[in-house]
Amino acid sequence: MQDILVLGAGYAGLKTVRSLQKQAGDFHITLVDRNNYHYEATELHEVASGSQPKDKISFPIKDVIDEKKVTFIQDDVLKVNPEASTAELKNSGTLHYDYVVVSLGFCSETFGISGAKENALQMVDINTADNIHQHILRMMEKYRETKDKNYLRLLICGAGFTGIELAGALVDERKRYAQVAGVTEDQIEIVCVEAATRILPMFDDEMAKYGVDLIEKLGVNLMLGSMIKEIKPGEVVYATSPDENAERQSIAAETIIWTTGVSGSPVMGESGFAERRGRVIINSDLRDPKYDNVYILGDVSALMDPETDRPFPTTAQIATRMGAHAAKNLLHQIKGEATEDFTYKSLGTVASVGNTHAFGLVGKSKIKGYPASVAKKGIMNKSLVEMGGLKELLAKGRFDLYH
């Protein structure tokens, strides 16, 4: 009996388990995650804004695993010892494996910016996202007491994909925040501070401009070309020139949310893998270059795109496909067969800016506005089916296509 250990029940890890458990073979799977639920990480911004409750984007892991073939352990992974084929867990001790799938997800990356960790709210999982929502409501209540306008300003650090989607979700909820604060909707200020002058690099100039225009039309203040230098309590310090001696300016806000970047789990470094920012450059069959019984998937992996010679962006789409492919290669290995290379072509990227506005690419076709919003919900529903099956789709699916 071969022991397959899967560390992390995000898109890549859970897809590996769900693909493997359907197959016959002389193996047993152990799945480890710190939570007893899987959550759709692509929808965290909706929980942060309060437009969706956290149970709408999550479901219990036990609901979607076959307990005859899979043992689930809720625990924190401290370290993988690839030389010894073991993994150390915080409470459950050491586990031995014949094969391991490392898919431990991401953490927030502060790029060494002073005060970012201490003075900005992170959005890396369901609890931190829910914490942002509760914080916003508290600040709106504080405004009622103090009449200090800084409590009405919601400041997002970073206008990447996550920052843009979060800004759109906050716009959708502005009316509700205004009611709590006792002000009019236009008094709730949403600001995005971003170092780049050209955002949304995954889109061509036309689509990126459409996205920027849409965000600004919705009343978001996009401060492009503003390099964050420091985050103080209730204040973001920035410069509009790359010159080290450039004059520093600042903007005050009692809600500061950090979305400028992520790195892979620190466990990768602790485990001695050849990582940079928590990501390991893997072979084309998804294995670690040094250990042929170690698969590294999702946010902790860097898979090179042969066309650009740069790593593919880590998205839910590629992580899910990696999980299915790793399951296939594990079965090959157990049978003593050669592994297959993983090939990837993106099916497209759609950014939602609130519930009814979106833009992006499906295949090579550009889509905008309401049709893009419907497509985005279709993508969410497809992900739910992949991760949880029909039962989870019916319980948690996005069928609010008309509002």
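The values are calculated or read from the model by the stated rules, or taken from the named source; none is laboratory data. Please read these numbers as outputs of a predicted model, since none were measured by experiment. Cβ sites come from the backbone with ideal geometry, for glycine too, and all protein chains shown count toward neighbours. To get the accessible areas, we keep the full protein, side chains included, count just its heavy atoms, and leave off ligands, DNA and RNA. Shrake-Rupley method; radii C 1.70, N 1.55, O 1.52, S 1.80 Å.
Tabulated results
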{"item": "Options Lys377, Lys382: the member that is closer than 21 Å to Thr162 by Cβ, within 20 Å of the chain's Cα centre (by Cα), open to solvent by less than 30 Å² (accessible area, probe 1.4 Å) and at pLDDT below 85", "result": "Lys377"}
{"item": "Residues of the range 191-207 satisfying the condition of being open to solvent by less than 10 Å² (accessible area, probe 1.4 Å) and more than 22 Å from Ile228 (Cα to Cα)", "result": "Phe203, Met207"}
{"item": "In the range 79-104, the residues that are within 19 Å of Ala326 (Cα to Cα), in a loop (DSSP other than H, G, I, E, B) and either outside the structural domain of Ala12 (by the TED database) or under 26 Å from the mean Cα position of the chain (by Cα) (or both)", "result": "Ser103, Leu104"}
{"item": "Boolean, Phe111 is over 14 Å from His28 (Cβ atoms), outside any helix (DSSP H, G or I), in contact (Cβ under 8 Å) with a residue 24 or more places away in the chain and open to solvent by 70 Å² or more (accessible area, probe 1.4 Å)", "result": "yes"}
{"item": "Number of positions in the range 249-293 that are in a loop (DSSP other than H, G, I, E, B), surrounded by fewer than 21 Cβ atoms within 10 Å (Cβ to Cβ) and of a type in the set (A, V, I, L, M, F, W, C)", "result": "1"}
{"item": "Selection within the range 25-44 - at pLDDT 95 or above and among the β-branched types (Val, Ile, Thr)", "result": "Ile29, Thr30, Val32"}
{"item": "Verdict on Leu166 being at pLDDT 95 or above and closer than 30 Å to Lys364 by Cα", "result": "yes"}
{"item": "Of the criteria (1) open to solvent by 60 Å² or more (accessible area, probe 1.4 Å); (2) among the polar types (S, T, N, Q); (3) not assigned by the TED database to the domain that holds Ile29, which one Asn355 fails", "result": "(1)"}
{"item": "Selected residue [buried (at least 20 other Cβ atoms within 10 Å of the Cβ), touching a Cys at 6+ places or on another chain (Cβ under 7 Å) and either farther than 30 Å from Arg279 by Cβ or without any contact (Cβ under 8 Å) to a residue 40 or more places away in the chain (or both)] from Val236, Val220", "result": "Val220"}
{"item": "Inter-residue pairs, beta-carbon under 7 Å, first farther than 25 Å from Phe203 by Cβ and in the range 336-353, second open to solvent by 60 Å² or more (accessible area, probe 1.4 Å), 6+ apart", "result": "Glu340/Lys328"}
{"item": "One residue from Thr146, Thr184, Thr86, Thr94 being free of Cβ contacts under 8 Å to residues at least 24 places away in the same chain and touching a His at 6+ places or on another chain (Cβ under 6 Å)", "result": "Thr86"}
{"item": "Yes/no for Ile296 being in the same structural domain as Thr128 (by the TED database), under 19 Å from the mean Cα position of the chain (by Cα), surrounded by 22 or more Cβ atoms within 10 Å (Cβ to Cβ) and of a type outside the set (Phe, Trp, Tyr)", "result": "no"}
{"item": "Residue within the range 359-376 that is part of a loop (DSSP other than H, G, I, E, B) and among the polar types (S, T, N, Q) present", "result": "no"}
{"item": "Pair list, Cβ < 6 Å and 6+ apart or interchain, from the range 364-392 residues that are free of Cβ contacts under 8 Å to residues at least 60 places away in the same chain to residues that are surrounded by fewer than 14 Cβ atoms within 10 Å (Cβ to Cβ)", "result": "Val374/Leu401"}
{"item": "The range 120-144, residues that are among the β-branched types (Val, Ile, Thr) and either modelled with pLDDT under 95 or surrounded by fewer than 18 Cβ atoms within 10 Å (Cβ to Cβ) (or both)", "result": "Val124, Thr128"}
{"item": "From the options Lys147, Lys117, residue that is at positive phi and open to solvent by 30 Å² or more (accessible area, probe 1.4 Å)", "result": "Lys147"}
{"item": "Pairs, first of a type in the set (Phe, Trp, Tyr) in the range 60-78, second surrounded by 17 or more Cβ atoms within 10 Å (Cβ to Cβ), C-beta under 7 Å, six or more apart", "result": "Phe72/Leu31; Phe72/Ile61; Phe72/Ile65"}
{"item": "Residue within the range 22-32 that is within 16 Å of Val100 (Cα to Cα), of a type in the set (A, V, I, L, M) and over 22 Å from the mean Cα position of the chain (by Cα) present", "result": "yes"}
{"item": "Only one of Asn221, Asn245 that is over 22 Å from Leu361 (Cβ atoms), at pLDDT below 95 and not acidic (Asp, Glu)", "result": "Asn245"}
{"item": "Qualifying residue in the range 172-188 (condition: closer than 30 Å to Ile282 by Cα and open to solvent by 30 Å² or more (accessible area, probe 1.4 Å))", "result": "no"}
{"item": "Subset of the range 129-183 (residues that are acidic (Asp, Glu), within 22 Å of Lys56 (Cβ to Cβ) and part of a helix (DSSP H, G or I))", "result": "Asp130, Glu165, Asp172"}
{"item": "Enumeration of residues in the range 299-338 that are assigned to a loop (DSSP other than H, G, I, E, B), crowded, with 20+ Cβ neighbours inside 10 Å and among the hydroxyl-bearing types (Ser, Thr, Tyr)", "result": "Thr314"}
